[in-house]
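The values are calculated or read from the model by the stated rules, or taken from the named source; none is laboratory data. Everything numeric here is computed off the predicted structure, so don't read it as measured data. Note that each Cβ is placed from the backbone with ideal geometry, even for glycine, and that neighbours are counted across all protein chains shown. These accessible areas exclude ligands, DNA and RNA; they are computed on the full protein's heavy atoms, side chains included. Shrake-Rupley method; radii C 1.70, N 1.55, O 1.52, S 1.80 Å.
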Amino acid sequence: MHYDEGKEKFIQAWGTLGSAWGINKAMGQIHALLLISEEALSTEEVMEQLQISRGNANMNIRALMDWGIVSKAYKPGERKEYFTTGKDVLELARQVSRERRRREIEPVMRVLEEMQQVEGDTAEVAHFKTVTKDLEGFTKQVDGVLDKFIRSDKNWFFQVLMKMIK
């Protein structure tokens, strides 16, 4: 397989996988391109290499910046904006986990906590509160695991992973 073919295959696969961690396909493809690029890329370079419009490139680069996984890079003497991403895969996973926690877990926890304020003394209300309390407990456990992962270092993560594999 030639480099260009491998590069295209990787970008397409990463774009498809992106939906599994909460971003759209174009965001995943842009991230993949930045991940494998040795140098920071301009919007125009992203547009050209991925064959996407300026609006699509700009919108998705900004969204990746909002996720905290793409940042601006400045080149001396250049007026264009350039973009780059970190190459540490574990740090990428922690940042994605942080963002998904903020966007998904925290709002669910707030709603489930609020559900304990439902008033009434019927069996239906008691059942409702029991189910939502159980969901709240489970969500807090998931949040705790995410928090440990987010705060972890490589050694801790790989030690836990190795224990799970054995």
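Numbers at a glance
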quantity	calculated
Any chance residue 69 is crowded, with 16+ Cβ neighbours inside 10 Å, of a type in the set (Val, Ile, Thr) and in contact with a Gly (Cβ under 8 Å, 6 or more places away or on another chain)	yes
Residue check, residue 104 assigned to a helix (DSSP H, G or I), acidic (Asp, Glu) and over 19 Å from residue 16 (Cα atoms)	yes
Test: residue in the stretch 68-81 that is outside any strand (DSSP E or B), closer than 27 Å to residue 5 by Cβ and of a type in the set (A, V, I, L, M)	yes
Residue that is nearest to residue 29 (Cα to Cα), among those in the stretch 75-104 that are open to solvent by 30 Å² or more (accessible area, probe 1.4 Å) and touching a strand residue (DSSP E or B) at 6+ places or on another chain (Cβ under 7 Å)	84
Filter result (small (Gly, Ala, Ser) and open to solvent by less than 80 Å² (accessible area, probe 1.4 Å)) within the stretch 118-144	120, 126, 137, 144
Any hit, the stretch 39-51, residues being open to solvent by less than 20 Å² (accessible area, probe 1.4 Å), modelled with pLDDT of 95 or more, among the small types (Gly, Ala, Ser) and in contact with a Ser or Thr (Cβ under 9 Å, 6 or more places away or on another chain)	yes
Residue identified as open to solvent by less than 60 Å² (accessible area, probe 1.4 Å), small (Gly, Ala, Ser) and in contact (Cβ under 8 Å) with a residue 40 or more places away in the chain among 13, 26, 63	63
Unmet requirement for residue 93, which otherwise passes all of (1) over 30 Å from residue 142 (Cα atoms); (2) of a type outside the set (Ser, Thr, Tyr); (3) part of a helix (DSSP H, G or I)	(1)
Close pairs from the stretch 116-130: first without any contact (Cβ under 8 Å) to a residue 12 or more places away in the chain, partner in a loop (DSSP other than H, G, I, E, B), Cβ under 9 Å, at least 6 apart	125/118; 125/119; 126/120
Residue count for the stretch 84-121, restricted to those that are farther than 30 Å from residue 64 by Cα, touching a helix residue (DSSP H, G or I) at 6+ places or on another chain (Cβ under 9 Å) and not charged (D, E, K, R)	4
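Every residue, every condition in (1) modelled with pLDDT of 90 or more; (2) over 30 Å from residue 45 (Cβ atoms); (3) not hydroxyl-bearing (Ser, Thr, Tyr), yes or no:
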{"position": "103", "(1), (2), (3)": "yes, no, yes"}
{"position": "109", "(1), (2), (3)": "yes, yes, yes"}
{"position": "112", "(1), (2), (3)": "yes, yes, yes"}
{"position": "115", "(1), (2), (3)": "yes, yes, yes"}
{"position": "141", "(1), (2), (3)": "yes, yes, yes"}
{"position": "144", "(1), (2), (3)": "yes, yes, yes"}
{"position": "160", "(1), (2), (3)": "no, yes, yes"}
